[in-house]
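Structure first, commentary second.
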Amino acid sequence: MPPTAPPEKMMFQLTLRRRGISDQAVLRTMEEVPREEFVLPADRAEAYRDSAMAIACGQTISQPFVVAYMTEQLKLQKNHRVLEIGTGSGYQAAILSRLCANVLTVERFRTLADKARERLEKLNCFNVEVMLGDGYALPPGAGQFDRIIVTAAMDQIPQSLLDRLEPDGILIAPVGPQHGVQTLVRVTRTGDHFDRKELVDVRFVPAIPGIAREL
């Protein structure tokens, strides 16, 4: 961390380290991506606070620790192709873009998808494709992925999504009741077997099938 870094960013990094984030590439990326670009204008001064924040369309941007933790659990490599379900403001996609080859991120709200696309282009995240679509029903041509990250709560992980994983692929998603506490689950594919591990309790907005008719 350079000595000229503002105090809130220094505390931001310190908080991530204190809470157990140790992957240096993830920490460096969390420092480099300007979180203030992804929150509402009224919240820019609080962008580095370790809490979730409201964005447009009744959605949220996850707290920094959760973003860093989920990213670390993916064990990303530079050659990986990553699928994100739930673009939101585009912050998670921006983090992923610096750690892998390319990202396909899917959002059901047109307003969020369009704004995220603008932000990501502004930050030169040209290896990210933002798709307006249904995360439960991806088009066949979307292909397979080395890693999948779901940033909205699912009652259960659909088999159709697990089948998108490449061999040795990893999927991470919040699983549980949509209006309560969920458990972050990491699934690793080994051949035709899917090994599941429960990690930590979290709270996410619900993953809803279909494309939003409005917004």
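The values are calculated or read from the model by the stated rules, or taken from the named source; none is laboratory data. Worth saying up front: this structure is predicted, and the values here are computed from it rather than measured. Cβ coordinates were reconstructed from backbone atoms using ideal geometry, including for glycine residues, and neighbour counts include every protein chain displayed. With ligands, DNA and RNA removed, areas are computed over all heavy atoms of the protein, side chains included. Shrake-Rupley method; radii C 1.70, N 1.55, O 1.52, S 1.80 Å.
Of note:
- Here is the figure for region 135-169: residues that are in contact with a Ser or Thr (Cβ under 8 Å, 6 or more places away or on another chain) and free of Cβ contacts under 8 Å to residues at least 24 places away in the same chain total 1.
Here's the yes/no breakdown for (1) surrounded by fewer than 17 Cβ atoms within 10 Å (Cβ to Cβ); (2) more than 15 Å from L83 (Cα to Cα):
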| site | (1), (2) |
| --- | --- |
| F145 | no, no |
| I149 | no, no |
| I157 | no, no |
| L162 | yes, no |
| I170 | no, no |
| H179 | yes, yes |
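- Residue check for C100: open to solvent by less than 40 Å² (accessible area, probe 1.4 Å) and on the phi > 0 side of the Ramachandran plot: no
- Checking each residue in region 181-215 for being open to solvent by less than 70 Å² (accessible area, probe 1.4 Å), over 23 Å from D50 (Cα atoms) and among the basic types (K, R) picks out only R189.
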